[in-house]
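Below is one structure, written out as structure tokens; comments come after it.
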Amino acid sequence: MPGPKDLDPSSSPRALLGAELRHAREKAGLSQEDLGQRLFVSGSFVGQLESAVRRMQPEIARLIDLALDTGDFFSRNCLATAKSKYPEHFAEAVEAEASATEIRQYSPLLIPGLLQTAAYARAVFRAYRPTASVEVIEGLVAARLERAQLLDGPTAPLLWTVIDEAALRRATGGRKVMAEALNHIAALVQQNQVIVQVLPFDAGAHASMEGSMKLMDFADAPPLLYFEGVGSGRLEDDPGTVRYQRRTYEFLTAAALSPEKSLVMLEAMAQDYSHEEPL
């Protein structure tokens with residue numbers, strides 16, 4: 001397991017909790033695996049809490065206080081990390097994404113959130129929430145675009161996505177929106193900000209036909225896997241499961257078009273979408 005990361009406790013409430021958890025655990029003479037057994041979680045999970053990769057939930061905080069005899073310190077202070085502009089099932093994944101060094105994602109049904117334009121995101125959210133107010137939809141769009149800013153920073157992660165052709169053929173928001181969306185992805189590829197491969201229809205059956213996946217690696221914490229469904233999602237840190245899905249992702253990249261051919265396809269589809277639909 002990676003060595004401990006020196007957190008700056010003043011950088012965020014979650015970093016403070018992570019640093020305090022490590023201090024209390026080491027003071028008690030426990031390894032991450034030892035503490036994990038007392039909390040009914042893995043040692044990797046404890047490591048992710050200490051590295052501020054994962055958010056501390058109230059029930060885990062309560063068990064930590066009991067296991068480490070810390071009164072109600074973690075129970076009281078974990079609430080400071082609970083506020084998020086994202087849905088509960090997705091908030092922890094977004095926070096982990098922001099500290100990842102590498103992100104590998106397969107998206108079968110839509111363009112991944114980090115690659116979306118405002119117009120595309122707006123069409124997606126409106127489809128999810130047809131009766132929501134304009135203010136709610138615009139808030140969701142703003143939050144999604146804010147996520148994408150991590151690609152512009154000096155510590156931007158390696159982002160490698162495999163996008164199913166089905167996601168590109170569905171005219172989400174209409175032809176103009178799709179033309180802009182595909183041109184945006186092509187520009188990110190040309191600027192060497194992301195690696196994109198398209199999984200074409202003629203690839204046939206493939207290793208991840210049952211759903212999407214997102215693999216996240218970190219400098220000082222074990223990797224995480226994120227699965228998402230309609231209105232639901234979960235983070236998985238079991239090493240065997242992560243290893244299996246990493247191999248699945250490798251199978252996908254082998255079946256997909258090369259990055260060079262994928263770029264050509266994206267540009268051609270964007271050009272096609274830019275033309276008016278024939279009557």
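The values are calculated or read from the model by the stated rules, or taken from the named source; none is laboratory data. Note that the structure is a prediction, hence the values are computed from the model and not measured. In this analysis, Cβ positions are derived from the backbone assuming ideal geometry, glycine residues included, and neighbour counts consider all displayed protein chains. For accessibility, only protein heavy atoms count, side chains too; no ligands or nucleic acids. Shrake-Rupley method; radii C 1.70, N 1.55, O 1.52, S 1.80 Å.
Screening the candidates Ala118, Ala142, Ala100, Ala127 for the property of being within 22 Å of Leu225 (Cβ to Cβ) and either in contact with a strand residue (DSSP E or B) (Cβ under 8 Å, 6 or more places away or on another chain) or surrounded by fewer than 20 Cβ atoms within 10 Å (Cβ to Cβ) (or both) yields one hit, Ala100.
The conditions of being over 15 Å from the mean Cα position of the chain (by Cα) and surrounded by fewer than 13 Cβ atoms within 10 Å (Cβ to Cβ) are not met by Gly173. For Val136, are the conditions met, namely being without any contact (Cβ under 8 Å) to a residue 60 or more places away in the chain and in a helix (DSSP H, G or I)? The answer is yes for Val136. Checked against (1) over 27 Å from Met265 (Cβ atoms); (2) within 16 Å of the chain's Cα centre (by Cα); (3) of a type in the set (D, E, K, R), Arg147 passes all but condition (1). Just so you know, in the range 201-250 the residues that are closer than 15 Å to Ala93 by Cβ and aromatic (Phe, Trp, Tyr) include one that is most open to solvent (accessible area, probe 1.4 Å), and it is Phe227.
Every residue, every condition in (1) assigned to a loop (DSSP other than H, G, I, E, B); (2) in contact with a helix residue (DSSP H, G or I) (Cβ under 8 Å, 6 or more places away or on another chain); (3) modelled with pLDDT of 95 or more, yes or no:
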| site | (1), (2), (3) |
| --- | --- |
| Ile111 | yes, yes, yes |
| Ala119 | no, yes, yes |
| Ala123 | no, yes, yes |
| Ala142 | no, no, no |
| Arg147 | no, yes, no |
| Leu150 | no, yes, no |
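Among the residues of the range 189-200, just one is crowded, with 18+ Cβ neighbours inside 10 Å and assigned to a helix (DSSP H, G or I), namely Val189.
If only residues of the range 50-99 that are touching a Ser or Thr at 6+ places or on another chain (Cβ under 6 Å) and part of a helix (DSSP H, G or I) are counted, the one that is modelled with the lowest pLDDT is His89.
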